[in-house]
Amino acid sequence: MQRIAQDWLVLTLTGSASAVGITIALQFLPMLLFGLYGGVLADRLPKRPLLLATQSAMGLTGVALAVLTLSGQVEVWHVYLTAFLLGLVTVVDNPARQTFVSELVGPAQLSNAVSLNSANFQSARLIGPAVAGVLITAVGSGYAFLFNGVSFLAPIVALLLIRPAELHRSERAPRGKGQLREGLRYVSAHPELIWPIVLIGFVGTFGFNFPIWLTAFVHEVYDSGAETYGLLNTLMAAGSLAGALLAARRGTSRLRFLVGAALLFGVLEVLAALAPGFWLFALLMVLVGMVGLTVNVTANSSVQTATDPAVRGRVMSLFMMVFVGGAPLGGPLFGWLTDAYGPRVSLAAGGVISFLAAAAVGLLLARAGGLRLRVDLRRGHKHLAFVPRQREPRPSRKPLTTAA
């Protein structure tokens, strides 16, 4: 609800998609600057008390923005400031929350738990935009901010009710020097971690600028208001929820599935940019939400399951840093692109870049695994498939003979 109200409030105050992009950039800039340090804290400190502190602070930002808006004193710089403060808290909250899942269920059920956690998150996204759209239209953005601030009582109470003795605690990293470099060295030594993180970085930076694109499509292309913006976000969240539930049914996360989903994600964004009518655009955004969430969940679970618990906080902070930390680059860039060339060109550009990044990572993974792409256009055969490279046999050396 706060995200919808925040984006719409900035657009109302300024009339500029670039201003929405700046808000997004400020919210995610701390993740880009300090994200890895948040992972060090998540590995070093007990996660349940840490989450109690971060969730309380996030609730206070919502209440503060509500007071400013309801009193009629809100200005754009207030929104910028609260977005930046929220980003600072998220630096610690994100890796702590991601890795706390493994303490709740243990390693055997981690992949399913990550997917179900995403499904739970998407359920909130399904309800929030619809309620926010109604509230903004009926009574203004201030009450959406207020409800968001009060809603943090739910996770705070849930954390207090958890029985610590039943948690699957992982060994905490001791305080010491070089822990940041240790986490980076660990990732660099494991290709199964590097390439999903690289791919999610490109998709997150260039393909997930939906606050900019949806506000611009509603405002410029369809000449509508907050109700339509809330509807589109709800439809995307419905697709994301379906994607999360489908991901939860898969017990394992394979890298080839991740690459395929990212390729499809890029194609769907380009098709949505070219959609001639509103309802076709809305339908495609449902599919974009479904496939985009599948990319996120598959990359998240594959990285978590392949990481040693002692460094999981630092690895997941790097994952989140490249996924959401690219927003300070992507937000202003696509905000400017939207203002200069229109939302259709901007959305299509994001889809093309996501597709090319997925294709490049897929080829690199295939090469690292000793595979090559086989093209077979015969009927009844699989047209595209990766098959093992055939090594050419070395020519045998014939023994030298002497003339008689």
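The values are calculated or read from the model by the stated rules, or taken from the named source; none is laboratory data. These numbers were taken from a predicted model, which means no experiment stands behind them. Counting neighbours? That spans all protein chains shown, and the Cβs are built from the backbone with ideal geometry, glycine included.
Numerical summary
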| item | result |
| --- | --- |
| Residue match in segment 153-163 (condition: surrounded by 15 or more Cβ atoms within 10 Å (Cβ to Cβ) and either closer than 27 Å to V295 by Cβ or at pLDDT below 85 (or both)) | yes |
| Qualifying residue in segment 44-59 (condition: modelled with pLDDT of 90 or more, surrounded by 16 or more Cβ atoms within 10 Å (Cβ to Cβ), out of contact with any strand residue (DSSP E or B) (no Cβ under 8 Å at 6 or more places or on another chain) and within 24 Å of A226 (Cα to Cα)) | yes |
| Residue count for segment 61-82, restricted to those that are of a type in the set (G, A, S) and either under 18 Å from G15 (Cβ atoms) or part of a helix (DSSP H, G or I) (or both) | 3 |
| Residue check for F34: of a type in the set (F, W, Y) and in contact with a Pro (Cβ under 9 Å, 6 or more places away or on another chain) | no |
| Failed item, numbered, when G72 is tested on (1) free of Cβ contacts under 8 Å to residues at least 12 places away in the same chain; (2) under 21 Å from the mean Cα position of the chain (by Cα) | (2) |
| Members of segment 218-240 found to be more than 23 Å from A138 (Cβ to Cβ) and touching a Pro at 6+ places or on another chain (Cβ under 9 Å), listed by number | E220, V221 |
| Residue in segment 177-187 that is part of a helix (DSSP H, G or I), modelled with pLDDT of 85 or more and over 16 Å from the mean Cα position of the chain (by Cα) present | no |
| Among (1) over 21 Å from A349 (Cβ atoms); (2) surrounded by fewer than 24 Cβ atoms within 10 Å (Cβ to Cβ) - the single one L293 does not satisfy | (2) |
| Subset of segment 296-317 that is surrounded by fewer than 24 Cβ atoms within 10 Å (Cβ to Cβ) and among the aliphatic types (A, V, I, L, M) - its residue that is farthest from L347 (Cα to Cα) | A310 |
| Cβ-Cβ under 9 Å pairs, at least 6 apart or on other chains, segment 20-39 side among the small types (G, A, S), far side crowded, with 21+ Cβ neighbours inside 10 Å and not in a helix (DSSP H, G or I) | G21/N209; G35/G325 |
| Residue that is touching a residue at least 40 places away in the same chain (Cβ under 8 Å) and either loosely packed, with under 14 Cβ neighbours inside 10 Å or outside any helix (DSSP H, G or I) (or both), where the choices are R169, R97 | R169 |
| Near pairs, Cβ below 7 angstrom, 6+ apart or cross-chain, from segment 187-209 (within 15 Å of L329 (Cβ to Cβ)) to any residue that is surrounded by fewer than 20 Cβ atoms within 10 Å (Cβ to Cβ) and at pLDDT below 85 | T205/L329 |
| Residue count for segment 92-115, restricted to those that are out of contact with any Ser or Thr (no Cβ under 8 Å at 6 or more places or on another chain), closer than 14 Å to V311 by Cα and at pLDDT 85 or above | 1 |
| Residue check for G230: touching a Leu at 6+ places or on another chain (Cβ under 7 Å), touching a residue at least 40 places away in the same chain (Cβ under 8 Å), surrounded by 19 or more Cβ atoms within 10 Å (Cβ to Cβ) and over 21 Å from A359 (Cα atoms) | no |
| When residues of segment 214-238 are limited to those that are small (G, A, S) and not in a helix (DSSP H, G or I), the one modelled with the highest pLDDT | S224 |
| Those residues of segment 138-154 which are in a loop (DSSP other than H, G, I, E, B) and of a type in the set (F, W, Y), in sequence order | F152 |
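Residue by residue, here is whether (1) touching a residue at least 12 places away in the same chain (Cβ under 8 Å); (2) touching a strand residue (DSSP E or B) at 6+ places or on another chain (Cβ under 8 Å); (3) of a type in the set (A, V, I, L, M); (4) closer than 27 Å to A17 by Cβ holds:
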{"position": "M290", "(1), (2), (3), (4)": "yes, no, yes, yes"}
{"position": "R312", "(1), (2), (3), (4)": "yes, no, no, no"}
{"position": "V315", "(1), (2), (3), (4)": "yes, no, yes, no"}
{"position": "G326", "(1), (2), (3), (4)": "yes, no, no, yes"}
{"position": "L333", "(1), (2), (3), (4)": "yes, no, yes, yes"}
